[in-house]
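See below for the structure under consideration.
The values are calculated or read from the model by the stated rules, or taken from the named source; none is laboratory data. Just so it is clear, the model here is predicted, and its values are computed rather than measured. Backbone-built Cβ (ideal geometry, glycine too); neighbour counts: all protein chains shown. Each accessible area value is taken on the protein alone, full model and side chains, heavy atoms only, with ligands, DNA and RNA left out. Shrake-Rupley method; radii C 1.70, N 1.55, O 1.52, S 1.80 Å.
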Amino acid sequence: MNQTPSDKQCCKETEDRRSFQVRLSMFLSGVIGALIVLPGVGFVLAPIFKKTKQKWRTLGRVDDYQEGATVLVSFEDPSPEKWAGVTAKTAAWLRRVDKEKFIAFSINCRHLGCPVRWVEGPELFMCPCHGGVYYKDGTVAGGPPPEPLDRYQVRVRDGNVEIHTAAVPLTTTLTFDES
Amino acid sequence: MKKRRLKAAWDWFDDRIGFSECMMPYIAHTVPRDARWWYVFGSATLTAFIVQVATGICLAMAYVPGGDEAYESLRYITEEAQFGSLVRGMHAYGASAMVTLVVIHLMQVYLHATYKYPRELNWMTGVVLFFVVLGMAFTGQLLRWDANGVWSVFVATEMASRTPYIGPMISHFLLGGETVGGSTLTRFFAYHVFIMPGIIFAGVGLHLFLLFRHGVSEMPDPNQPVDPATYKEQYEKRLKETGVPFWPNAMWRDVVFSTLVVGIIVGCAAIFGPPALDASPDPASIHADPMPDWYFWWYFAVLSLLPPSYELWFILGVPIFGFLVLFCLPLFSNKGHRAPSKRPWAVGIIVAALASFVVLTIYGYREPWSPDFGVEELPTNVIGAEEGPVFEGGKLVHSKGCMYCHDINGYGGHRGPDLSNIGQQLTREDLIIRINNGGYNMPSFASSLNSEELSKIVDFLMTRIEDKGGSSKN
Ligand code: FES
């Protein structure tokens, strides 16, 4: 290519302009990206910050439960999703201690969340996954669980047993039984 | 005549699209001739991935990612839809094939130190792909959305929640809320069907591009350590002398092996069918026995065998540390010997990894740490008495749950020690103390046995003496 002074002039100009064009395009691409991605990020992360309002659920009449017995009860999470179907269900081990007092243990093993089973004879909760065992009162009797079984709040209202729903008991979260 | 016209049509097309000009140089690029069968695993992994994409798309046409419907739609696919069982089977065996092949590929590349200069990024993209494949395997088993799938979510959530500070956040992100519910499955569906396959497509593209850019590595030669200053030049020179075109001289082996892989996938799917669905996905049903698919049994075993104080390090450490170590490997060692004979520790690591994988997998399958909920009662001839305290004690060891964990003459679980000869090993007093106080992972039974029951159990246990111990089941 022959380079004349006028050529150089033009090219210098173009270079200036080009660097502006580069910066403008990069900036605008960033804007486009942000506009596309941010609402989605918000949408996807929203459940982290949403606190579900927990509810009291009725488990039936007090007299349906035998004193001293530990039974499986199931109830519904306060899930706002109508389509959750069976997955909205959850369960607890409910024990009637005496006339008025009930205890409800979470079925989630505090090791990694597997469903523990109440075993009548030896009066233990046993976990099928990695062999976690809990005593009658939910304290750890053996195996890997680091913490006792979690408990739901239960109360008796007008002759009905009611249970307060709760989040999945993660080992790192605090227990949700304040009673 | 016809042939010539066909050729003219192809020439026109080829000229416009540039197949011979742009693609052929890649397809026919020169590769070392000595690799032979060693290098077929990468392409076979890709073939397995193609099986997964094809069958996955078909499954997605009938699968409904909804709380109730997922299980029902899978039942429909498996039991009613034409070819449904075959397609689902191919997807399941394809997953096993892909995991297996990606691991073999990784081990081969590690053993031959192909990750050294200039192929560091080939390795690093490969490591990312490897982890995404494991993620696909895990989310895939979960999408079955049977009892096992639901409880896998709980386990994944619990593991994630162990992360310091942000653990619960990650868990709630995974669940799409604070409990398993309507948003849980749809999220995992999106990971499995859009996000992770997207990463795999992009990653495979990059991985292949890098393969072409740096060329196929030679078989390691103890006399040719990698020196970044001269490697490329020498590699080019050697290729010029002895290389062969990839297509068809080397590629036919890939094609043969991939055919075998696809044949096995389809064959297994046709003969054995897809894995059976577990019970329906009710988080309120406690009669689930959650168990991952076979490729994670080793990890399942690790989680059971570890003392709790190390556990956190393992749950978080294995994935994170494992990833970092693998990913950064070429940054620490990118020159020097490639030959396994000069890298004995590399061979050692592979052997140790394989051995622990096999042992832990067997352990994970047998679950000896898990109480056996289905144990049968001891027959009278094993108890060795038809009435009296020994007989009643023999009944009590079943009803009080001793046998969930202890084997007695071939009956019972394997969590605790075998009691078939306990009468000789412990005295009466020791037995009482042990049962009352527990210890070594055994619960204390002081509160669930009254003294009468305890004494009957001990009476029975004192009769457990190996030689005259009656008939054994096994
Ligand atoms: S989840 Fe219960 S012992 Fe691991």
When the residues of the stretch A:81-104 are filtered to those that are under 30 Å from residue B:398 (Cβ atoms) and within 11 Å of chain B (Cβ to nearest Cβ), which remaining residue is surrounded by the fewest Cβ atoms within 10 Å (Cβ to Cβ)? A:91
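Each row is one residue, and each column tells you yes or no for (1) assigned to a helix (DSSP H, G or I); (2) crowded, with 19+ Cβ neighbours inside 10 Å; (3) modelled with pLDDT of 95 or more.
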| site | (1), (2), (3) |
| --- | --- |
| B:22 | yes, no, no |
| B:34 | no, no, no |
| B:45 | yes, yes, yes |
| B:49 | yes, yes, yes |
Have a look at B:97, B:54 and point out the one that is open to solvent by 30 Å² or more (accessible area, probe 1.4 Å) and under 23 Å from the mean Cα position of the chain (by Cα). B:54
Of all the residues that make up the stretch B:303-342, how many are assigned to a loop (DSSP other than H, G, I, E, B) and out of contact with any Asp or Glu (no Cβ under 7 Å at 6 or more places or on another chain)? 5
So residue B:187, is it within 14 Å of chain A (Cβ to nearest Cβ), open to solvent by 30 Å² or more (accessible area, probe 1.4 Å) and basic (Lys, Arg): yes
Which residues, taken from the stretch B:377-390, are of a type in the set (Val, Ile, Thr) and either under 35 Å from the mean Cα position of the chain (by Cα) or modelled with pLDDT of 85 or more (or both)? B:390
In the stretch B:163-179, anything at the interface with another protein chain (Cβ under 7 Å from one of its Cβ atoms) and of a type outside the set (A, V, I, L, M, F, W, C) is listed as B:167, B:168, B:171, B:172, B:176, B:177, B:178, B:179
Going through the stretch B:119-137 one residue at a time, which ones are in contact with a Phe, Trp or Tyr (Cβ under 7 Å, 6 or more places away or on another chain) and more than 18 Å from residue B:202 (Cβ to Cβ)? B:137
Only one of B:173, B:131, B:154 that is buried (at least 23 other Cβ atoms within 10 Å of the Cβ) and assigned to a helix (DSSP H, G or I): B:154
Return only the number of the condition from (1) part of a loop (DSSP other than H, G, I, E, B); (2) over 27 Å from residue B:123 (Cα atoms); (3) more than 16 Å from the ligand (Cβ to nearest atom) that residue B:180 does not satisfy. (3)
For the stretch B:391-432, what are the residues that are over 35 Å from the mean Cα position of the chain (by Cα), free of Cβ contacts under 8 Å to residues at least 60 places away in the same chain and within 14 Å of chain A (Cβ to nearest Cβ)? B:395, B:398, B:399, B:400
Residue set A:145, A:78; condition modelled with pLDDT under 90 and either at the interface with chain B (Cβ under 7 Å from one of its Cβ atoms) or away from the ligand (no atom under 16 Å from the Cβ) (or both); output residue A:78
Reported set for the stretch B:176-208 where residues are within 22 Å of the chain's Cα centre (by Cα) and more than 30 Å from residue B:47 (Cα to Cα) is none
Restricted to the stretch A:81-108 and to residues being aliphatic (A, V, I, L, M) and under 18 Å from the mean Cα position of the chain (by Cα), the residue nearest to the ligand (Cβ to nearest atom) is A:107
Return the total of residues in the stretch B:264-307 being more than 14 Å from every other protein chain (Cβ to nearest Cβ) and without any contact (Cβ under 8 Å) to a residue 24 or more places away in the chain. 3
Odd one out for residue B:357 among (1) in contact with a Phe, Trp or Tyr (Cβ under 6 Å, 6 or more places away or on another chain); (2) within 14 Å of chain A (Cβ to nearest Cβ): (2)
Would you check which residues across the stretch B:138-148 are within 16 Å of the ligand (Cβ to nearest atom) and either open to solvent by less than 20 Å² (accessible area, probe 1.4 Å) or facing chain A (nearest Cβ under 9 Å) (or both) and list them? B:147
Restricting attention to the stretch B:228-253, report how many residues are among the small types (Gly, Ala, Ser) and farther than 28 Å from residue B:333 by Cα. 1
Would you check if residue B:347 is open to solvent by 60 Å² or more (accessible area, probe 1.4 Å), aliphatic (A, V, I, L, M) and not assigned by TED's automatic domain parsing to the domain that holds residue B:458? no
State all residues of the stretch A:118-150 that are of a type in the set (D, E, K, R) and surrounded by fewer than 21 Cβ atoms within 10 Å (Cβ to Cβ); if no residue qualifies, say none. A:120, A:123, A:136, A:137, A:147
Of everything in the stretch A:109-123 that's facing chain B (nearest Cβ under 7 Å) and either more than 9 Å from the ligand (Cβ to nearest atom) or of a type in the set (Gly, Ala, Ser) (or both), which residue is farthest from residue B:375 (Cα to Cα)? A:113
If I go through the stretch A:124-142 residue by residue, how many of them are within 12 Å of the ligand (Cβ to nearest atom) and at the interface with chain B (Cβ under 7 Å from one of its Cβ atoms)? 8
May I ask you to list pairs of residues, at least six apart or on different chains, whose Cβ atoms are under 7 Å apart, with the first in the stretch B:6-26 being within 16 Å of residue B:245 (Cα to Cα) and the second being surrounded by 11 or more Cβ atoms within 10 Å (Cβ to Cβ)? B:20/B:14; B:26/B:212
